[in-house]
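None of the figures in this text is laboratory data; all of them are computed from the coordinates on show. Note that this is a predicted model, so its numbers are computed, not measured. Cβ atoms come from the backbone with ideal geometry, glycine included; neighbour counts cover every protein chain shown.
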């Protein structure tokens with residue numbers, strides 16, 4: 001698998017180094033290099049680009065502005081971003097626009113290759129699975145989900161999930177196997193779409209629960225372990241349908 005890449009940096013020396021690193025990496029193909037985010041955006045619209053090595057501080061259009069433009073585009077097949085910058089105070093902003101990694105200048109080829117390998121691992125996860133012959137027993141649905149935790153994609157067994165708490169743009173995923181929750185940059189609504197409605201239910205604007213982990217219910221609440229979760233008004237109808245199965 002080859003990733004189609006572009007390099008964007010307004011510093012000629014930095015841009016040349018990026019291009020040489022890309023050309024030295026067998027699974028990367030350098031489709032273009034630009035000193036302007038505006039020019040890069042034109043190519044992104046015209047060609048299939050998988051990965052952008054993107055400087056942050058540039059005239060006309062900064063790297064963060066370009067990443068936000070790409071992030072607002074519909075669909076999930078757009079290019080991923082690895083930021084390159086001399087300033088470490090942009091790390092949080094890079095995380096907010098879902099950057100795959102953050103290279104702090106000056107970086108060497110080993111550091112570059114580590115970031116590129118993350119991009120390849122991400123692309124491999126998105127590849128459609130090969131079609132398998134029909135088995136005599138149906139396979140389990142939604143057995144795993146992948147969540148971005150810091151700058152990694154973490155595989156989580158859905159069977160391990162107890163409940164999920166939403167915190168604005170973040171989600172805390174509480175697991176049966178560990179006392180410490182996993183914090184991921186994803187909205188509760190987006191995470192709800194990843195989970196099977198047969199196994200999970202949104203019961204509050206801030207909570208999704210694993211139905212298999214519910215150990216008691218009342219008219220307006222449910223319990224998972226020692227935690228009691230109140231069912232929100234807008235979620236009471238599906239909850240009551242679920243509750244009727246307990247009667």
Task: Ranked list, fewest to most other Cβ atoms within 10 Å of each Cβ, for 150, 165 - done: 150, 165
Open item on the list: Within a 10 angstrom radius of the beta carbon, how do 6, 182, 22 rank from fewest other beta carbons to most?
Closed with: 182, 22, 6
Open item on the list: What whole-number distance in Å separates the alpha-carbon centres of segment 104-124 and segment 33-73?
Closed with: 18
Open item on the list: Can you compute log10 of I(q)/I(0) for the chain with the Debye formula, treating each Cα as one identical point scatterer, at q = 0.12, 0.13, 0.16, 0.17 Å⁻¹?
Closed with: -0.79, -0.88, -1.10, -1.19
TODO: Work out how much length residue 177 to residue 144 would gain on full extension: take 0.36 nm times their residue separation and subtract the Cα-Cα distance, in nm to one decimal.
DONE: 10.4 nm
Task: Neighbour-count ranking [beta-carbon atoms within 10 angstrom, fewest first] of 151, 122 - done: 151, 122
Task: Global geometry of segment 3-126, whether rounded, prolate or oblate, following the gyration tensor of its Cα atoms and the 1.5 cut on a/c - done: rounded
TODO: Calculate, for residue 194 and residue 60, the FRET efficiency according to 1/(1 + (r/R0)^6) with r their C-beta to C-beta distance and R0 25 Å; round to the nearest 0.05.
DONE: 0.10
Task: Kirkwood Rh (inverse of mean 1/r, distinct Cα pairs), segment 144-244, angstrom - done: 13.7
